[in-house]
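Chemist: After the structure tokens below, expect a handful of questions from me.
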Amino acid sequence: MLAAAVALTTITACSGTEPLAPVAEPATTAPAATSTEAAPTPTAEPVVRCTAADLGLRVGGRGPDVNPGQKTVALVYTNISSRPCYVTGVPGVDLLGPADPNGPTYPVPRPGADAVQPRTTLGPGRKASATLTYLSGGAGWVPTEIITTPPGDTHQLVTRWSLGDPVLRQDGATHPGTFVGPLVAS
């Protein structure tokens, strides 16, 4: 290599131009390691179960009568929080009313409460509902409030029983005509 540099310098000196710097041979090093890891991306906040603090409650419109004297009404839950949350399962529902030999509270049966239910994600302002089916007739017991506990929570929501219908209490019945169903998107 030294001989090539001397020859190049000699040729350059004879030509009357500036001498060229010797050319170095390329290095034979291994290529730089490359990374296959992607740049970190922000992770989305996980969607958590809705609690009573996330939900508003109202009595919706009456549905069709299931049988004579057996009525339905939607209990409408609205996500009032600023983030999405999900509901799944059958809410606890108690009807509160005047004195009765069984007490002023009628715990509404929840068939299917132990079954796996679909999960419904509610964005802010979105709604889910549970159907309350009840037996009505005569001048019986008229509730004044609906007290409900969202599935997986221990805190309650309360709203007025705005229907004015009497409810036939079936405390202890094995196949009651009054019951609440699972939450579904509405």
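Coordinate-derived values only; no laboratory data. Remember, it's a predicted structure, so these values are computed and weren't measured experimentally. Glycine also receives a Cβ, built like all others from the backbone with ideal geometry; neighbour counts cover every protein chain displayed.
Chemist: Pulled fully out, how much extra length does the chain show between Asp114 and Thr51, if you take 0.36 nm times their separation in residues and subtract their Cα-Cα distance? Provide the component values of the computation, followed by the final result.
Modeler: On the way: separation 63, 0.36 × 63 = 22.68 nm, distance 1.87 nm.
Once the chain is fully extended between Asp114 and Thr51, it gains 20.8 nm.
Chemist: Go through segment 84-159 and name the trypsin sites (Lys or Arg not before Pro) that are in a DSSP coil and have 13 or fewer other Cβ atoms within 10 Å of their Cβ.
Modeler: On the way: sites: Arg119, Arg126, Lys127; in loops: Arg119, Arg126.
Here the trypsin sites (Lys or Arg not before Pro) that fit, given the DSSP loop and packing criteria, are Arg119.
Chemist: Where does the charge balance sit around Lys71 when Lys and Arg score +1, Asp and Glu -1, over other residues with C-beta under 13 Å from its C-beta?
Modeler: Residues near Lys71 contribute -1 overall.
Chemist: What whole number of Å gives the distance from the Cα centroid of segment 103-167 to the Cα centroid of segment 70-95?
Modeler: First find each Cα centre; the distance between them is then 8 Å.
Chemist: Could you tally the net charge around Gly137, taking each other residue with its Cβ under 11 Å from the Cβ of Gly137, Lys/Arg +1 and Asp/Glu -1? Before the final figure, lay out the partial values.
Modeler: Details: positive: Lys71; negative: Asp165.
Its environment carries a net charge of 0.
Chemist: When Ile80, Ile147 are ordered from fewest to most other Cβ atoms inside 10 Å of their Cβ, what list results?
Modeler: Ile80, Ile147
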